[in-house]
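A.B. asks: The structure under discussion is supplied below as structure tokens; questions concerning it will follow.
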Amino acid sequence: MKLLTDILNILPTIQVAGAPEKREILRLSLNSKDVNKGTIFFAIRGYKTDGHKFIQDALNNGASAVILEDNAICPDELFKHHDCVKIVVKDSRAALSIIADYFYDHPSRKLKVIGITGTKGKSTTAFYIKHLIESFGKKCGLIGTIANYVADKEIATKLTTPEAIEINSLMYEMVLAGCEYCVMEVSSHSLDLKRVRDIDFDLVMFTNLTSDHLDFHVTFENYKSAKAALFSNVKNTAKAIINYDDINAEYFATITNCGVVKVGTGKNNDYIFSNLAYDLDSTRFDITVKGEQFKVSSPLLGKFTLYNAGLAFTAVCELGFPSAETAEYVASMPQVPGRFEVIYSSGRIVIVDYSHTADSLKQALEAISHVNISHRPVFTVMGCGGDRDKSKRPVMGNIAAENSTFVVVTSDNPRTENPHTIISEIVSGIKTVNFKVLESREEAIKHAVVNSPDNSVVLIAGKGHETYQEINGVRHHFSDKEIALKYLNV
């Protein structure tokens, strides 16, 4: 519980209409349906709808205060009639971040917070960091795409980085549960929409950058600029861990005022990766830190394990944990759901992966090629999501066909689009004949598993950890892994 007068003392306002004195605030909400007495309702301008449209609903439901940007949308008398305080601000999203941080007693200041951004590898790296920290007997929370965790308690999530209210609420629960650390994925959307504006990061990390989310950001430069906000806004006592094997590394290093830790295969890096070796059983490499070399082995597959595990190793060492023990704990890394997750059966290997962009699909297939020293046939099941960047569809179709023995093109999450249209756009980029179209995703997976030779590698790409398929705005239960296991009879 907080007093509204205290909240107003920390909030830049344009106008306050009504009497805030002695009003107790019990909750914060973006949803007018969840509003009641003691609630502050935030009218947020979204890219799908405008929260200002629901102010009347919030008033009817008993809101104690409303944060809004458009002063003219509702007259002061309407607020007076409902005994509600009208608070006009320049930026409702910034106000939401400020108030959420204050309401939950600045929880990020009580944790060591590690923020990870980049196009690929955020989820896997976050899981690795959590695993390594917990291997030392410490409690760690996680906020990310696959799920949120308060220590060992798993909480379902819909967004990579949730709204500021949920972020601060989760961190508050982490503090109560005795967590000392929180690792979180930081999406470009969340940075653009100020969801992490007031989070006190101790480490910020850059994995890599390729084209993605252009349906939201429009241009690659906008996308890169959104990611950069994590580094330009961080406190100068923090550290920025940057993958210097990525072409964009210098951009992120020069935009921040905090200390930079360089990682990668280059000899001038602070953490140097070398001697990479991998097969269908494990990934092995060395990490050199200040002249001391550590041998690292992971049961997880693919060249990207070098970067995901290497970045996680770096983060944990920079937090003060001993390097030698950290390297040993990498060997016990668990598989991350839907991130190049390998299912072994007596006849074939199935890999479930969240490769939903052109670059991530190419990397997944290249990873299979690198470890596939016995030249097993590669069958790929792939589709593209609806209401997302359409330009990648023919490109992904071509990548799949050129790097696979056979491709089954299917539906992913069509959302509000016609799946036939999406599939046609994928197929338009395929220049070969080694493919088949099966709109039903279950039938597509079944076909690849049942009809591939016994020694095949089957890549099921696109949905990864997701346990639903979204069709016409409705989510139906669907798990690529469950369907694969069903037809593997495992």
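The values are calculated or read from the model by the stated rules, or taken from the named source; none is laboratory data. No experiment lies behind these values; they were computed from the predicted model shown. A quick note on method: Cβ atoms are made from the backbone with ideal geometry, for glycine too, and the neighbour counts reach across all protein chains shown.
A.B. asks: Just to check your reading of the model, which residue among Gly338, Gly320 is free of Cβ contacts under 8 Å to residues at least 24 places away in the same chain and either small (Gly, Ala, Ser) or in the same structural domain as Gly462 (by TED's automatic domain parsing) (or both)?
C.D. replies: Gly320
A.B. asks: Among residues belonging to the stretch 233-251 that are surrounded by 15 or more Cβ atoms within 10 Å (Cβ to Cβ) and among the polar types (S, T, N, Q), point out the one that is farthest from Lys295 (Cα to Cα).
C.D. replies: Asn233
A.B. asks: Right, here's the next one. If I ask for residues that are of a type in the set (Asp, Glu) and surrounded by fewer than 22 Cβ atoms within 10 Å (Cβ to Cβ), which ones from the stretch 398-419 would you list?
C.D. replies: Glu402, Glu417
A.B. asks: Turning to a different aspect of this structure: Please verify whether the stretch 333-340 includes one or more residues that are of a type in the set (Gly, Ala, Ser), closer than 19 Å to Asn243 by Cα and buried (at least 17 other Cβ atoms within 10 Å of the Cβ).
C.D. replies: Scanning the stretch 333-340, I find no residue that is of a type in the set (Gly, Ala, Ser), closer than 19 Å to Asn243 by Cα and buried (at least 17 other Cβ atoms within 10 Å of the Cβ), so the answer is no.
A.B. asks: Whether any residue in the stretch 438-446 is crowded, with 19+ Cβ neighbours inside 10 Å and within 19 Å of Ser346 (Cβ to Cβ) is what I want to check.
C.D. replies: Yes: the stretch 438-446 contains one or more residues that are crowded, with 19+ Cβ neighbours inside 10 Å and within 19 Å of Ser346 (Cβ to Cβ).
A.B. asks: Out of the stretch 380-391, which residues are buried (at least 24 other Cβ atoms within 10 Å of the Cβ) and not aliphatic (A, V, I, L, M)?
C.D. replies: Thr380, Gly383, Cys384
A.B. asks: Also: Across the stretch 186-195, what is the total count of residues that are of a type in the set (D, E, K, R) and buried (at least 24 other Cβ atoms within 10 Å of the Cβ)?
C.D. replies: Residues meeting the conditions: 1.
A.B. asks: So Cys258 ticks every box in (1) touching an Asp or Glu at 6+ places or on another chain (Cβ under 8 Å); (2) in contact (Cβ under 8 Å) with a residue 40 or more places away in the chain but one. Which box is left unticked?
C.D. replies: The single condition Cys258 does not satisfy is (1).
A.B. asks: Taking the stretch 143-161, which residues are touching a Leu at 6+ places or on another chain (Cβ under 9 Å) and closer than 14 Å to Cys182 by Cα?
C.D. replies: Scanning the stretch 143-161 gives Ile143, Asn148, Tyr149, Val150, Thr161.
A.B. asks: With the requirement that a residue be crowded, with 21+ Cβ neighbours inside 10 Å and not aliphatic (A, V, I, L, M), what does the stretch 136-161 give you?
C.D. replies: Of everything in the stretch 136-161, those that are crowded, with 21+ Cβ neighbours inside 10 Å and not aliphatic (A, V, I, L, M) turn out to be Cys140, Gly141, Gly144, Thr145, Asn148, Tyr149, Thr161.
A.B. asks: What number of residues within the stretch 372-396 are farther than 19 Å from Glu442 by Cα and in contact with a helix residue (DSSP H, G or I) (Cβ under 8 Å, 6 or more places away or on another chain)?
C.D. replies: Number of matching residues: 10.
A.B. asks: Quick one: in the stretch 252-280, of everything that is under 27 Å from the mean Cα position of the chain (by Cα) and either within 22 Å of Val336 (Cβ to Cβ) or among the basic types (Lys, Arg) (or both), which residue is surrounded by the most Cβ atoms within 10 Å (Cβ to Cβ)?
C.D. replies: Val263
A.B. asks: Take the residues in the stretch 52-70 that are within 15 Å of Thr13 (Cα to Cα) and surrounded by 14 or more Cβ atoms within 10 Å (Cβ to Cβ), then tell me which one is farthest from the chain's Cα centre (by Cα).
C.D. replies: Applying the filter and picking the extreme gives Ala65.
A.B. asks: Consider the stretch 283-302. How many of its residues are surrounded by fewer than 16 Cβ atoms within 10 Å (Cβ to Cβ) and within 25 Å of the chain's Cα centre (by Cα)?
C.D. replies: 1
A.B. asks: If you don't mind, another one. Would you mention how many residues in the stretch 102-135 are surrounded by fewer than 24 Cβ atoms within 10 Å (Cβ to Cβ) and either closer than 16 Å to Ile7 by Cβ or in contact with a Gly (Cβ under 7 Å, 6 or more places away or on another chain) (or both)?
C.D. replies: The qualifying residues number 5.
A.B. asks: Would you confirm, using the coordinates I've provided, whether Glu173 is among the acidic types (Asp, Glu), modelled with pLDDT of 95 or more and touching a helix residue (DSSP H, G or I) at 6+ places or on another chain (Cβ under 9 Å)?
C.D. replies: Yes: the conditions hold for Glu173.
A.B. asks: Oh, and also: Can you find, within the stretch 359-387, the residue that is farthest from the chain's Cα centre (by Cα) among those that are under 18 Å from Glu439 (Cα atoms) and not small (Gly, Ala, Ser)?
C.D. replies: Phe379
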